[in-house]
1. Considering only region 95-105, state which residues are assigned to a helix (DSSP H, G or I) and surrounded by 15 or more Cβ atoms within 10 Å (Cβ to Cβ).
2. Among what's in region 122-161 and is among the β-branched types (V, I, T) and more than 15 Å from A91 (Cβ to Cβ), pick the residue that is modelled with the lowest pLDDT.
3. What number of residues in region 39-57 are modelled with pLDDT of 90 or more and either under 13 Å from Q139 (Cα atoms) or β-branched (V, I, T) (or both)?
4. State the number of residues belonging to region 81-94 that are polar (S, T, N, Q) and exposed (fewer than 15 other Cβ atoms within 10 Å of the Cβ).
5. In region 51-80, which residues are surrounded by 20 or more Cβ atoms within 10 Å (Cβ to Cβ) and basic (K, R)?
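The values are calculated or read from the model by the stated rules, or taken from the named source; none is laboratory data. As the structure is a prediction and not an experimental result, all values here were calculated from the model. Note that we place each Cβ from the backbone using ideal geometry, even for glycine, and neighbour counts take in every protein chain shown.
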Amino acid sequence: MNAANAHSYTRALIDAWKRLAPGGDIDAGPHAAEYPGLIDNLFVLSCSGDADLEFRNAGTGMERLFGRDLIEHDFLSLWRNDNRVEVMAAAADAIDAHAPVVLRTSATTIGNETVELEFTLAPIGNSTSKQARFLGLCQIVTRAPRALSLPHGSLELHSIERHTEPKPRPQLRLVVSNP
């Protein structure tokens with residue numbers, strides 16, 4: 001992903017996630033206080049491995065956006081039917097690579113306005129495909145519409161961006177021995 005194109009809150013979450021990884025510098029970088037409203041748009045998902053991503057927690061910004069409490073609701077139900085398999089596959093990829101993914105989406109509000117969003121899913125803990133958790137962020141990237149509420153099943157997936165670090169390529173070393 002071109003990080004320059006991501007919302008500043010998306011970049012902050014991914015940077016924080018990297019700092020929390022083994023070997024990361026926990027005290028370096030920005031802090032939540034530098035991003036007002038960030039906490040309101042965070043959520044936690046659990047994945048049971050049964051093609052189910054359930055909200056374990058959701059900030060007040062998420063509740064306002066979707067017009068209800070999301071705890072114990074299926075994350076996939078927010079998406080259009082034809083996008084749910086791709087969203088679940090992106091979550092599985094994030095678990096396998098132990099790296100965040102950003103889902104770029106759009107939806108039409110109940111006021112018939114289009115809004116573009118980024119959903120970041122960052123695996124947390126020792127996630128496996130059988131039992132995984134994600135720290136997520138939902139960020140509106142266009143001007144917030146007047147009628148903010150999004151209907152169930154309205155999210156349309158446009159792209160998936162993976163945040164894997166390039167692995168070092170093996171170096172070939174030539175050793176010459178002169179007898």
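1. If the condition is that a residue be assigned to a helix (DSSP H, G or I) and surrounded by 15 or more Cβ atoms within 10 Å (Cβ to Cβ), then I95 is the only one that fits.
2. If we take residues in region 122-161 being among the β-branched types (V, I, T) and more than 15 Å from A91 (Cβ to Cβ), then T142 is modelled with the lowest pLDDT.
3. Number satisfying all stated conditions: 5.
4. 1
5. Result: no residue meets the conditions.
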